[in-house]
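Asker: Sharing a structure, written as C-alpha cells. Questions coming.
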Amino acid sequence: MRSITKVTAAVLVASAASCGGSPERGSKSAADTGGLVGNPAPDFQVKTVTGSKATVSLKSLHGQVVLLDFWGTFCEPCKKSFPKLEALQRKYAGSGLRVVGISEDEDEDKDKIPGFADTYGAKFAVGWDADKAIARKYKPETMPSSFVIDKEGVVRFAHVGFHDGEEADIDREIRGLLGD
C-alpha cells in the first residue's frame, strides 16, 4: 500500500508537470471537478503566511463570495494570475469578495511563499497547505486551480489553469454572485 506522502508527491509532480498547461480553459462542469460545482464547498482552515498571519476558514467567510485559488511558487501561470486575483480582490472587497490563495508547495519551498506573494502583488490572504489536507478535499487538477464559492458556501464555478483573459470570466461570475 502506498503512503499518503508518496501519493501526495505523485499528485504534485503531475500538477507541476501540467502547471496551467491544460488546453481547455475556463469554468469546468461538476463532473470535471470531482463533483464540487453545485455542491457545498469543503470547509478549510489555514493560517496565512503573509500580512497579519491570521487563520482563515471557509466558515469564517460565510456570507461572502470566496475565490479559493490553489497555486505554487513553481507555477509559471500563477505569476500571471496573482496580479489579476489581487485586482479582483481590490475591486470587489467592499462588496463582499474574499480571495484566499492556498500554496501547495513542499516543505523545502515554504519559505518562498511570502516572497512570491509580495513579488506578484498579492495582498489577499495567502496560506500554506502543509499537509495537503485542503488539496485532498478540493482535488485541484493543476496549478493554478480556482473555485468560486457563493455566499452560502456552495461551489459555483471552477477554473483549471489560468489563461490570459480568463479574469474577465471570473469577474462576471463574481459580479453575478455578489449581485452587482
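Bear in mind that the values in this text are calculations on the coordinates, not laboratory data. Only a predicted model underlies this, so the values are computations on that prediction, with no experimental measurement involved. Here the Cβ positions follow ideal geometry from the backbone for every residue, glycine too, while neighbour counts run over all protein chains shown.
Asker: Cβ contacts < 6 Å: first residue farther than 19 Å from Ala168 by Cα and touching a residue at least 60 places away in the same chain (Cβ under 8 Å), restricted to segment 87-107; second residue surrounded by 19 or more Cβ atoms within 10 Å (Cβ to Cβ) and aliphatic (A, V, I, L, M), any location; separation 6+ or different chain. Result?
Answerer: Matching pairs, first to second residue: Glu104/Ala135.
Asker: Scan segment 134-156 for residues that are more than 20 Å from Cys75 (Cβ to Cβ) and not charged (D, E, K, R) and jot them down.
Answerer: Ile149, Gly153, Val154, Val155
One line per residue, one yes/no per condition, for (1) basic (Lys, Arg); (2) assigned to a helix (DSSP H, G or I); (3) more than 22 Å from Ser60 (Cα to Cα); (4) touching an Asp or Glu at 6+ places or on another chain (Cβ under 6 Å):
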position: Phe82; (1), (2), (3), (4): no, yes, yes, no
position: Leu88; (1), (2), (3), (4): no, yes, no, no
position: Tyr92; (1), (2), (3), (4): no, yes, no, no
position: Ala168; (1), (2), (3), (4): no, yes, yes, no
position: Glu173; (1), (2), (3), (4): no, yes, no, no
position: Leu177; (1), (2), (3), (4): no, yes, no, yes
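Asker: Please state which one of Ala130, Ala93, Ala54 is out of contact with any strand residue (DSSP E or B) (no Cβ under 8 Å at 6 or more places or on another chain), under 20 Å from Gly153 (Cβ atoms) and surrounded by fewer than 22 Cβ atoms within 10 Å (Cβ to Cβ).
Answerer: Ala93
Asker: Would you check which residues across segment 137-152 are part of a helix (DSSP H, G or I) and either in contact with a Ser or Thr (Cβ under 8 Å, 6 or more places away or on another chain) or under 20 Å from Asp169 (Cα atoms) (or both) and list them?
Answerer: Within segment 137-152, just Tyr138 meets the criteria.
Asker: Has segment 153-163 got at least one residue that is part of a strand (DSSP E or B), touching a Leu at 6+ places or on another chain (Cβ under 7 Å) and closer than 15 Å to Trp71 by Cβ?
Answerer: Yes, segment 153-163 has at least one match.
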